[in-house]
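A short worksheet on the structure shown next.
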Amino acid sequence: MLEIAALFITITALFAWFNYRFIKLPATIGVMFISLVTSVLLIASSHLGFDAITDWAEAWLGQINFNALLMDGMLSFLLFAGALHVDFHQLKRYRYSIGLLATVGVVISTVVIGSAAWWLFRTFHIGVPYLYCLVFGALISPTDPIAVLGIMRSAGAPEDMEIKIVGESLFNDGVAVVVFTMLLGAATATEALTVAHSAILFLEEAGGGMLLGLVMGYVAYRLMKSIDQYQIEVLVTLALVLGGYTLATHLQVSGPISMVIAGLFIGNRGREHAMSETTRRYVDGFWELIDEILNAVLFVLIGLELLLIPFEWSYLIVAGPVIGVILLTRLATIGLPIVVLSRWVHFRHGTTRVLTWGGLRGGISVALALGLPESDYRNTLVMVTYLIVLFSILAQGLTIGGVVQRVLSQGSGKS
């Protein structure tokens with residue numbers, strides 16, 4: 001395991017250096033693009049008869065459980081680091097629109113995308129049961145905070161737009177994981193899919209995650225407030241993430257939601273009342289560094305996963321229309337709440353466009369897809385998910401800056 005970690009960190013560092021020195025794309029997109037090109041070159045060389053290095057790379061990647069690495073490891077750090085720098089007062093101002101997008105929006109998106117995928121699969125004679133299509137809808141619905149956070153900030157999005165999409169992204173992945181778990185249980189006949197049972201399970205996981213995150217955040221806050229030693233206070237935040245996420249897993253509540261709540265608590269109340277200026281500087285520096293490193297590692301891994309995913313050209317025929325459905329569904333779930341809430345809350349002109357195009361899919365969708373149990377439909381869902389994520393990060397991620405700039409140049413007003 002140490003050898004795998006050492007090799008992967010080395011590759012990530014080289015890709016990041018090459019991107020910064022020559023390609024100059026946004027850091028996360030750049031390293032993923034390089035790793036994707038590397039995967040394509042290895043596959044091409046294998047078809048030409050030079051398959052030794054490709055076989056070695058596939059064997060090496062095969063030792064990495066992407067689903068476990070992200071969902072049980074990296075995700076807790078990335079969500080806490082993201083939430084740590086979100087202003088709670090700004091978040092509270094847009095709580096209704098964020099809440100609707102992160103809950104009702106995810107459910108509507110799951111049903112619409114899942115139903116459209118089922119129709120498309122049937123049209124192209126790809127047999128995927130409806131319940132599994134709903135599972136696919138759940139795993140592809142959440143906008144990924146890991147992808148969104150850095151890209152929206154580098155795009156120069158105004159603070160009000162950034163807080164809406166970042167706030168939604170931080171919460172909707174936790175909601176989507178709960179929905180995904182319930183639907184997968186029903187699809188594999190391990191859980192009953194009834195409204196009452198689903199509502200209870202949702203409240204237990206999501207509500208329990210919020211409560212646990214609040215309790216853990218408060219405990220860490222009290223510990224930090226009682227001392228003024230930045231080394232120990234940084235260690236307390238690290239223990240909060242590692243211990244808290246593990247505890248959430250054992251209690252069967254939402255770990256992602258608990259990390260978001262804990263991060264918001266420490267990043268706002270903890271920053272204001274429990275940290276000296278020196279501690280703030282070191283805590284921020286530590287978690288920003290963790291965030292940058294893990295983001296780079298994650299996006300390199302996404303690009304290299306192409307080596308392990310079985311590809312068929314028919315998947316492109318399905319993925320293209322699904323991408324259109326995803327964008328139209330997001331436009332509807334963004335636009336309607338904004339129209340309703342604009343009577344009471346001001347929305348900058350162009351908010352709907354920015355939030356629609358900025359709703360990137362990323363590592364969480366890939367990880368959930370790779371976590372699907374073996375079945376006749378798994379490879380199909382994994383590959384279609386992977387193609388959608390590639391489009392989202394490369395096409396939307398590289399152009400969202402232009403969308404933001406066009407919106408800003410048109411002046412302010414209502415969406």
Item to check | Residue in region 5-20 that is surrounded by the fewest Cβ atoms within 10 Å (Cβ to Cβ), counting only those that are over 22 Å from the mean Cα position of the chain (by Cα) and of a type in the set (Ser, Thr, Tyr) | outcome: Thr10
Checklist entry - Based on what the data block shows, is Leu381 within 19 Å of the chain's Cα centre (by Cα) and part of a loop (DSSP other than H, G, I, E, B)? => result no
Checklist outcome for this item: Residue count, region 326-346, condition surrounded by fewer than 21 Cβ atoms within 10 Å (Cβ to Cβ) and either more than 22 Å from Asp144 (Cβ to Cβ) or aliphatic (A, V, I, L, M) (or both), comes to 14
Checklist entry - Can Ile98 be described as over 26 Å from Met32 (Cα atoms) and modelled with pLDDT under 90? => result yes
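A quick yes/no check of all residues on (1) modelled with pLDDT under 90; (2) in contact with a Ser or Thr (Cβ under 6 Å, 6 or more places away or on another chain):
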position: Gly324; (1), (2): no, no
position: Leu331; (1), (2): no, yes
position: His346; (1), (2): yes, no
position: Ala369; (1), (2): no, yes
position: Met383; (1), (2): no, no
position: Leu387; (1), (2): no, no
position: Phe391; (1), (2): no, no
Next on the checklist: Give all pairs with beta carbons closer than 6 Å in which a residue from region 199-224 that is of a type in the set (Phe, Trp, Tyr) meets a residue that is at pLDDT below 95; count only pairs at least 6 apart in sequence or on separate chains.
Outcome noted: Phe202/Val178
Next on the checklist: Condition check: of a type outside the set (Gly, Ala, Ser), in contact (Cβ under 8 Å) with a residue 24 or more places away in the chain, more than 19 Å from Leu372 (Cα to Cα) and out of contact with any strand residue (DSSP E or B) (no Cβ under 8 Å at 6 or more places or on another chain). Does Leu100 satisfy that?
Outcome noted: yes
Checklist entry - For region 1-105, which fully contained helices (runs of 4 or more DSSP H) count at least 1 residues that are of a type outside the set (A, V, I, L, M, F, W, C) and closer than 30 Å to Ala262 by Cα? => result 2-18, 27-47, 66-69, 75-84, 88-93, 95-102
Checklist entry - Looking at region 389-399, is at least one residue under 24 Å from Glu168 (Cβ atoms) and part of a loop (DSSP other than H, G, I, E, B)? => result no
Checklist entry - Any idea which of (1) out of contact with any Lys or Arg (no Cβ under 7 Å at 6 or more places or on another chain); (2) over 30 Å from Ile227 (Cα atoms); (3) among the aliphatic types (A, V, I, L, M); (4) at pLDDT below 95 is the one Ile293 doesn't satisfy? => result (2)
Item to check | Residue among Val407, Val389 that is touching a strand residue (DSSP E or B) at 6+ places or on another chain (Cβ under 8 Å) and either on the phi < 0 side of the Ramachandran plot or among the aliphatic types (A, V, I, L, M) (or both) | outcome: Val407
Checklist entry - Just one of Ala189, Ala147 is under 26 Å from Leu370 (Cα atoms), small (Gly, Ala, Ser), at pLDDT below 85 and surrounded by 21 or more Cβ atoms within 10 Å (Cβ to Cβ); which is it? => result Ala147
Checklist entry - For region 221-245, how many residues meet the condition of being under 21 Å from the mean Cα position of the chain (by Cα) and crowded, with 21+ Cβ neighbours inside 10 Å? => result 4
Item to check | Odd one out for Met383, checked against (1) surrounded by fewer than 23 Cβ atoms within 10 Å (Cβ to Cβ); (2) more than 24 Å from Leu184 (Cα to Cα) | outcome: (2)
Next on the checklist: What's the total number of residues in region 246-260 that are in contact (Cβ under 8 Å) with a residue 24 or more places away in the chain and surrounded by fewer than 24 Cβ atoms within 10 Å (Cβ to Cβ)?
Outcome noted: 5
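The values are calculated or read from the model by the stated rules, or taken from the named source; none is laboratory data. Quick caveat: nothing in here was measured; it's all calculated off a predicted structure. Positions of Cβ are backbone-derived with ideal geometry, glycine not excepted, and every protein chain shown enters the neighbour counts.
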